[in-house]
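*Asks:* Take this structure, written in structure tokens, and hold onto it; I'll ask about it next.
Please treat every number below as a calculation from the coordinates, not as lab data. As the structure is a prediction and not an experimental result, all values here were calculated from the model. Glycine also receives a Cβ, built like all others from the backbone with ideal geometry; neighbour counts cover every protein chain displayed.
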Amino acid sequence: MNITQSTEPGNIVGNKVVLRPIKEEDLQIFMTWVNHPEIFHYLNKTMPITFEEELAWYYRSKQNPKDRIDFTILDKETENPIGTLGVHHMDNINGVAYTGTIISTEYQCCGYATEAKMLLLNYVFSHYNVRVIYSYIKGYNEKSIAYATKCGYKEITRFPKHYFRESDGKYHDRVIMVVEKDEWIRDYWTEYTKRYNL
Ligand SMILES: CC(C)(COP(=O)(O)OP(=O)(O)OC[C@H]1O[C@@H](n2cnc3c(N)ncnc32)[C@H](O)[C@@H]1OP(=O)(O)O)[C@@H](O)C(=O)NCCC(=O)NCCS
């Protein structure tokens, strides 16, 4: 298995997925994922996004490439885009960053997200002064909590009743999960690379 890495991200190749830096041509499909009803209510958004907003976001992030890295997740076999993930608000002085993932509904629950996140964490921990990565998750997003846990994140606290969900008229917690570099390499990455022959 070949994991291609460089400081300027190129493609990162795993067994099931390839992480490729995002391109403008990906934005149309990103928009359909973000606005999909089974995805949208898990994101920290109040209104569906428009293509113009997506484009503006893309050019803003290009202007500040040190702050974030975004990848399109490709199915390695077909090279079809199946999701996106990234690291953002990277603070190389304090060694802190945040991550997020979206997988197209047809490709969820097949392990693509797990491999993509493990490759991303390894890339970030190996190439940047980042030692702690956070994920903020809506309390009702059990899939995402299970996914983060599988990738080595641990729940450290909850902000109670932080999000209002229109569909049930209730407030839900914000779950704060964290993964720490040294512990992750020792307890998760070493085992994962052995098990999946990465
Ligand atoms: C969260 C998300 C990225 C997970 O992607 P995925 O493709 O389901 O993840 P994987 O197939 O790699 O599964 C990872 C783990 O998640 C958990 N999981 C997967 N599907 C699940 C389900 N239907 N119910 C509960 N847990 C589930 C399992 O622990 C799984 O490990 P396992 O295969 O050993 O059982 C995806 O569901 C998604 O894009 N959701 C919408 C957007 C979102 O919520 N993003 C995160 C915002 S914080």
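*Asks:* Over the Cα atoms of the range 64-198, what Rg and Dmax result, in angstrom?
*Replies:* Using the Cα atoms of the range 64-198, the pair Rg, Dmax is 15.4, 46 Å.
*Asks:* Shape of the range 117-156 from its Cα gyration tensor (a ≥ b ≥ c, root eigenvalues): rounded if a/c is under 1.5, otherwise prolate when a/b > b/c, or oblate?
*Replies:* Because a/c hits 1.5 or more and a/b exceeds b/c, the range 117-156 counts as prolate.
*Asks:* If I stretch the segment between ASN15 and HIS127 completely, what's the gain in nm (0.36 nm per residue apart, minus their alpha carbon distance), one decimal?
*Replies:* Here the segment from ASN15 to HIS127 would lengthen by 38.2 nm.
*Asks:* Just name one of PRO21, GLY86, MET47: the one whose Cα is farthest towards the positive end of the charge dipole of the chain (beta-carbon charges, Lys/Arg +1, Asp/Glu -1).
*Replies:* Of the candidates, GLY86 comes out farthest on the positive side.
*Asks:* If you stretched the chain out fully between ASP187 and GLU53, how much longer would it get, using 0.36 nm times the residue separation minus the C-alpha to C-alpha distance?
*Replies:* 44.3 nm
*Asks:* Something else now. Straight-line reach from LYS117: which lysines fall under 25 Å, measuring Cα to Cα and dropping same-chain residues less than 8 apart?
*Replies:* Partners within reach: LYS16, LYS23, LYS45, LYS62, LYS66, LYS76, LYS138, LYS143, LYS150, LYS154, LYS181, LYS194.
*Asks:* Still on this structure, please answer the following. Rounded to the nearest 20 debye, what is the charge dipole size of the range 134-198 about its Cα centre when +1 sits on each Lys and Arg Cβ and -1 on each Asp and Glu Cβ?
*Replies:* Values: 13 positive and 10 negative charges, 24 e Å.
Result for the range 134-198 is approximately 120 debye, rounded to the nearest 20.
*Asks:* What ranking of ASP182, ASP26, ASP67 emerges when the number of other C-beta atoms within 10 Å of each C-beta is taken as an exposure proxy, fewest first?
*Replies:* ASP182, ASP67, ASP26
*Asks:* Moving to a separate point now. Cα gyration tensor of the range 1-125, axes a ≥ b ≥ c as square roots of the eigenvalues: rounded (a/c below 1.5), prolate (a/b > b/c) or oblate?
*Replies:* The shape class here is oblate.
*Asks:* Based on alpha-carbon centroids, what's the gap between the range 28-74 and the range 97-172 in Å, whole number please?
*Replies:* Each part reduced to its Cα centre gives a spacing of 16 Å.
*Asks:* Now for a different question. Can you tell me the dipole magnitude for the chain around its Cα centre, using point charges on the Cβ only (Lys, Arg +1; Asp, Glu -1), in Debye to the nearest 20?
*Replies:* 560
*Asks:* Compute the relative contact order of the chain as a whole-number percentage, counting only Cα pairs closer than 8 Å that sit 6 or more residues apart in sequence. Mind dumping the intermediate values first?
*Replies:* Details: 317 pairs, mean separation 35.1, N = 198.
Normalised by residue count, the contact order of the chain is 18 percent.
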